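Take a look at the structure below.
The values are calculated or read from the model by the stated rules, or taken from the named source; none is laboratory data. Bear in mind that the values here come from a model prediction, so they are computed numbers and not experimental data. With ideal geometry, Cβ positions are generated from the backbone for all residues, glycine too; neighbour counts draw on all protein chains shown. For the accessible areas, the whole protein counts, side chains as well, though only heavy atoms, and no ligand, DNA or RNA atoms are used. Shrake-Rupley method; radii C 1.70, N 1.55, O 1.52, S 1.80 Å.
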Amino acid sequence: MNDPVALPDLDPLDRLAVLAAALPGAAVGRRRVAAPFEAVWRVVADLEHATPRYEPGVAEVRVIERRGEFLRLIVRDTAGREDSMDARLRPGWCLMQSATIVIAFAARPVGGETLLAHLEHRRGQPPGGTGSQSLPDALAKIDQELRTIERLATRHGR
């Protein structure tokens, strides 16, 4: 079987759509960000420093292993629980997953701006919700995260 995240000629946003189709109940948001791709991706790729700034449930991210685009992470939530995650990070594509959650970002330049998409999926949850959140609540959370990433990118991109 082909791995949709391994196809080099697949647009990152299309790749994220394929992933979303394979994860019933996944929440996906998209935003056209008024910042260049490099500035936006700098924020997304700075897992250790930027993630706690835009993700309200994350207190700390530590990269404990790095092999090219493959990473091993320890993520501590705001309640103090830790989870290990495997990640794949390259320009325009970030996929992080653990036994309980799948998180993905996809981006591509659009002129001097960036089209950014974000997916969140809690494994084992029924379609229509991510954990204790309803789908509308999950989408509102993702929208806020995308807005925060835009603020961080425009502030650091100057």
Leaving out ligands, DNA and RNA, what percent of the accessible area of segment 15-158 is carbon and sulfur, probe 1.4 Å?
52 percent
Once you order the gyration tensor axes a ≥ b ≥ c over the Cα atoms, which shape class does the chain get: rounded for a/c under 1.5, otherwise prolate or oblate by comparing a/b with b/c?
rounded
With Kirkwood's inverse mean 1/r over C-alpha pairs for Rh, give me the Rg to Rh ratio of segment 18-84, two decimals please.
1.00
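Gain in length, THR148 to GLU65, computed as 0.36 nm per residue apart minus the alpha-carbon separation, to one decimal in nm? Can you show the working numbers first?
Values: separation 83, 0.36 × 83 = 29.88 nm, distance 2.72 nm.
Result: 27.2 nm gained on full extension.
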So, with points 7 Å from each Cα along the Cβ direction, the ALA22-ARG72 label distance in nm works out to 2.3 nm
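Once every DSSP H run of n ≥ 4 in the chain is given -39500 (n - 2.57) and the sum is divided by its residues, what mean residue ellipticity at 222 nm do you get, rounded to the nearest 500 deg cm²/dmol? Could you put the intermediate results ahead of the total?
On the way: 4 runs with 50 residues, N = 158.
The helix-only estimate for the chain comes to -10000 deg cm²/dmol at 222 nm.
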Give me the 1.4 Å probe accessible area per residue for segment 16-158, excluding ligands and nucleic acids, in Å².
50 Å²
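I need the shape label for segment 56-128. Rule: rounded when a/c is under 1.5, else prolate if a/b > b/c, else oblate, with a, b, c from the alpha carbon gyration tensor. Before the final figure, lay out each step's value.
Values: a/c = 1.88, a/b = 1.33, b/c = 1.41.
Oblate, because a/c is 1.5 or more while a/b does not exceed b/c.
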